[in-house]
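S.K.: Please read through the structure below; I'll follow up with questions.
The values are calculated or read from the model by the stated rules, or taken from the named source; none is laboratory data. Quick caveat: nothing in here was measured; it's all calculated off a predicted structure. All Cβ positions, even for glycine, are placed from backbone atoms using ideal geometry, and neighbour counts span all protein chains on display. Areas reflect the complete protein model, heavy atoms only, side chains present, ligands, DNA and RNA absent. Shrake-Rupley method; radii C 1.70, N 1.55, O 1.52, S 1.80 Å.
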Amino acid sequence: MTDTGSLEQRPGRPLEADPWSTFTGPAVAADQVVAVTSFRRFLRRFAGQPMAVGALAVLVVLVLAAIAAPRIAPFDPLAQDLQDTLQGPTSEHWLGTDELGRDVLSRMLFAARVSLVAAAQAVLLAIALGVLPGLMAGFLRGWVDAVISRITDAVMSFPPLLLAIAIVGVFGPSLTNAMLAVGVIFAPRFLRVTRGAVLAAREETFVEASRSIGTPVLRIIATRILPNILSPLLVQTSLALGFAMLAEASLSFLGLGVQPPDASWGAMIGRAYRFLAQTPTLVVFPGIAIAVCVLAFNILGDGLRDSFGRDTRGAGR
Amino acid sequence: MILLLGRRLLLMVPILLVVSFLVFGLVVAVPGDPAITLAGDNATPERIAEIRGQLGLDDPLAQQYGRWVGGVVQGDLGASLFSGRPVATSIAERMPVTIGLATLSMIVALLISIPAGIIAATKRGRWPDRVATFLASAGLAMPSFFLGLVLVLVFSLQLGWLPATGYVPFEVDPVLWLKHMILPAITLGAAAAAETTRQLRSSLSDVLQQDYIRTARAKGTRAGSVIVHHALKNAAVPVVTVLGFQVAFLLGGSVIVEQIFALPGLGGLAIRAVIDRDIPVIQGVVVFAAVLVMVVNLAVDLLYGWLNPKIRTA
């Protein structure tokens, strides 16, 4: 790994010199130095992006609010009050009430838990399904790559949402099945990102060096390839969380995801759109919540991408 | 070019094979017995056995798969478990609505993204770029059903300019058709517009830094002409890739949009089938959509060959 971060801090060091001429300590210590300085460089670059830092802050607040939902929700999210239905925002109910008189703010706080956990589950499943075959395809190449790539192509030729709907249709509507479906449709993305990163990493001199001194394949993958594909995977994870949240919202909107009385933000809109003419805020607040959350994941993903990796033209933007 | 076409068609064969396995696998994966579902609550075991026989569920899997694929190749997607109508007929009836919606959405996406992408790339870092980039990010983050409902709220319920729901076939009245389709097409096309704008911005800014663009400018070619005649064609390659992907997203997203605007398209058919667990209909719609996406991607690959002659021989 070229480590321009440490080079910047020691300006006198000749760039093209034999790297071993300045090498004094044992290899492990050198690895740690590289790891620490590249992490610092990542932090420095990330801190230089106000949008990405802001997005991270928004997400942290949302996660904390979701965790603390039982403590901070002003009302029981399931408590009905049929005297007080379809209200717009009032001083008592800050975001109004739904068609059964339930407090929208409280419901949204609890729905945040469902939406965030569902997105995380789907992405974890996508990582579990995508990364290992991606590693194999990229590292082994040949017929393994050909078979895995054709399966990926096939899965990617289904319209994603339609495939998710079909999977839910076969196994029955529930949040678990919806997240299974979303995980399956996102797995090819992780597979392709992993495969691409492995293909690039295996051509590196340090991998060739490891191979030439007879390091076992699994050890090369674990110590040389994996650390180098982590950053594209992390970027992809952030972007996929946003898309998974959209997919969950879409399925729940159609009534194919989370089932009543539980609700996610998408499910809340799915119920509320019949009352669009009377109480539009019922649709607007959960919709804004989804959009803000997905936007935050996307901005965070872009910010991570710009903070990782080597200095390229435009990385300093 | 013919070589490229032949190679791409050959590449499609294994993919089609895997697609057929996956879609057929849906039936095998169904928990429970469709015959029991179909026979209703008080069915006798004899009646269930009779239905199993009719559906061919007692045959070996390989035989069932062969029969299904044989039918699909000849355009026979089976019949609905409930209405008994041929799935291919239902799809053919509803296809024009969905294809019309997807096409119009693509036009909306291009009408927004081409100017927006060019402005963002040529004014990079300045306020028009920032506005376009922010709108594109917001467009990607906004769930389509939310955007659709907001559009209905503003343009149908508040202003009363456009109908909120319903459909008029194009051949009956093109003007009414367009009126019913504008809001759905904007709803569906917004995300595609956002993605295409981002892609065009990044590929066009890369191209604009190339030496031949500097040469063209140095010769005194006007700025507009540099972009239209020199830069856009090269910047279009990655954009066309994204557009190819968008077709799959548009077909998937149309399920939601058709639901919001009550359009009688494939999406409604799929949702109905999912609720009824009408597996042949689900299979039919999914296979049809997958093949459609593959055909579009084939067209995209051929378009590459035209945009970049190097790819033809690569």
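S.K.: Over all distinct Cα pairs, what is the inverse of the mean 1/r for the protein assembly as shown, reported as the Kirkwood hydrodynamic radius in Å?
M.R.: 27.0 Å
S.K.: For segment A:57-312, calculate the relative contact order in percent as a whole number, restricting contacts to Cα pairs under 8 Å that are 6 or more residues apart.
M.R.: 22 percent
S.K.: Same structure, new question: Determine the share of the protein assembly as shown's accessible area contributed by carbon and sulfur atoms, expressed in whole percent, with a 1.4 angstrom probe.
M.R.: Carbon and sulfur together cover 66 percent of it.
S.K.: Going toward the positive end of the dipole of chain A, with +1 on Lys and Arg Cβ and -1 on Asp and Glu Cβ, which of A:Thr97, A:Gln278, A:Ser212 do you reach last?
M.R.: Final value for the positive-end residue is A:Ser212.
S.K.: Further question: Compute the accessible area per residue over segment B:189-238, keeping the other protein chains in place, probe 1.4 Å, unit Å².
M.R.: In whole numbers, segment B:189-238 has 50 Å² accessible per residue.
S.K.: For chain A, modelled as a Gaussian network with Cα springs under 10 Å, which listed residue fluctuates most, A:Leu295, A:Leu64, A:Leu163?
M.R.: Per the Cα network of chain A with a 10 Å cutoff, A:Leu64 tops the list.
S.K.: Suppose every K and R has +1 on its Cβ and every D and E has -1 on its Cβ; what is the size of the dipole of chain B about the Cα centre, in Debye to the nearest 20?
M.R.: Charge dipole, chain B, about its Cα centre: 1960 debye, nearest 20.
S.K.: Okay, next question. Indicate the helices, whole DSSP H runs only, in chain B that combine a mean Kyte-Doolittle hydropathy of -0.5 or more with a Cα extent along their long axis of 20 angstrom or more.
M.R.: Helices passing the filter in chain B: B:2-29, B:87-122, B:127-141, B:174-208, B:232-261, B:279-307.
S.K.: With the dipole of chain B worked out from charges on the C-beta (+1 for Lys and Arg, -1 for Asp and Glu) around the Cα centre, which of B:Gln210, B:Leu298, B:Gly66 lies farthest toward the positive end?
M.R.: B:Gln210
S.K.: Could you give the dipole magnitude of the protein assembly as shown about its Cα centre, charging the beta-carbon of Lys and Arg +1 and that of Asp and Glu -1, in debye to the nearest 20?
M.R.: Computed charge dipole of the protein assembly as shown: roughly 2480 debye.
S.K.: So, for segment A:110-263, what is the accessible surface per residue at a probe of 1.4 Å, expressed in square angstrom?
M.R.: For segment A:110-263, the per-residue accessible area is 39 Å².
S.K.: Mind listing, in residue-number order, the residues in segment A:245-271 that have at least 20 Å² less accessible area with every protein chain present than in their own chain alone (1.4 Å probe)?
M.R.: A:Leu246, A:Ser250, A:Phe253, A:Leu254, A:Leu256, A:Ile269
S.K.: On a 0 to 90° scale, report how tilted helix A:27-47 is relative to the longest principal axis of chain A, with both axes built from alpha carbons and the result rounded to the nearest 10.
M.R.: 40 degrees
S.K.: Let me ask something else about it. Placing +1 at every Lys and Arg Cβ and -1 at every Asp and Glu Cβ, with all other atoms neutral, what dipole size does segment A:57-312 have around its Cα centre, in debye to the nearest 20?
M.R.: Dipole magnitude for segment A:57-312 comes out near 900 debye.
S.K.: Filter the GluC sites (Glu not before Pro) in segment A:152-211 down to the DSSP loop ones having no more than 14 other Cβ atoms within 10 Å, then list what survives.
M.R.: Here the GluC sites (Glu not before Pro) that fit, given the DSSP loop and packing criteria, are A:Glu203, A:Glu204.
S.K.: With 10 Å bins from zero, work out the P(r) of segment B:249-314 over every alpha carbon pair and list the percent per bin.
M.R.: 20, 36, 22, 15, 7, 0
S.K.: Moving on. Provide the three semi-axes, in whole Å and in decreasing order, of the ellipsoid equivalent to segment A:165-317 as defined by the square roots of 5 times the Cα gyration tensor eigenvalues.
M.R.: Its equivalent ellipsoid spans semi-axes of 41, 20, 9 Å.
S.K.: Shifting gears a bit: How big is chain A by the Kirkwood estimate over distinct Cα pairs, in Å?
M.R.: Answer for chain A: a Kirkwood hydrodynamic radius of 22.3 Å.
S.K.: So, one more: For B:Lys179, which aspartates and glutamates qualify as cross-link partners when the Cα separation must be under 16 Å and same-chain residues fewer than eight apart are set aside?
M.R.: In chain and number order, the partners are B:Glu171, B:Glu258.
S.K.: Which value, in nm² and rounded to one decimal, describes the direction-averaged projected area of the C-alpha convex hull of segment B:195-314?
M.R.: That works out to 10.1 nm².
S.K.: Report the per residue volume, in Å³, of the convex hull enclosing the C-alpha atoms of segment B:106-165.
M.R.: Measuring per residue, one finds 103 Å³ for the Cα hull of segment B:106-165.
S.K.: Can you list, largest first and rounded to whole Å, the semi-axes you get for segment B:56-192 by taking the square root of 5 times each eigenvalue of its Cα gyration tensor?
M.R.: Square roots of five times the eigenvalues give 40, 22, 14 Å.
S.K.: May I have the pair-distance distribution P(r) for chain B, computed from all Cα-Cα distances with 10 Å bins from 0 and rounded to whole percent?
M.R.: Calculated over all Cα pairs of chain B, the distribution is 5, 21, 25, 23, 15, 6, 2, 1, 0 percent.
S.K.: Sequence neighbours fewer than 8 away in the same chain don't count; with that in mind, list the aspartates and glutamates whose C-alpha is under 17 Å from B:Lys123.
M.R.: The reachable aspartates and glutamates, counting only those whose Cα sits under 17 Å from B:Lys123, are B:Asp206.
S.K.: For the interface of B with A, what's the total buried accessible surface in square angstrom, probe 1.4 angstrom, rounded to the nearest hundred?
M.R.: Between B and A, the summed buried area is about 3900 Å².
S.K.: With unit charges on the beta carbons (Lys and Arg positive, Asp and Glu negative) and the dipole taken about the Cα centre of chain B, which residue among B:Pro169, B:Leu243, B:Leu57 sits farthest to the positive side?
M.R.: Of the options given, the answer is B:Leu243.
S.K.: DSSP loop (so not H, G, I, E, B), at most 14 other Cβ within 10 Å: list which trypsin sites (Lys or Arg not before Pro) in segment A:163-216 pass both filters.
M.R.: none
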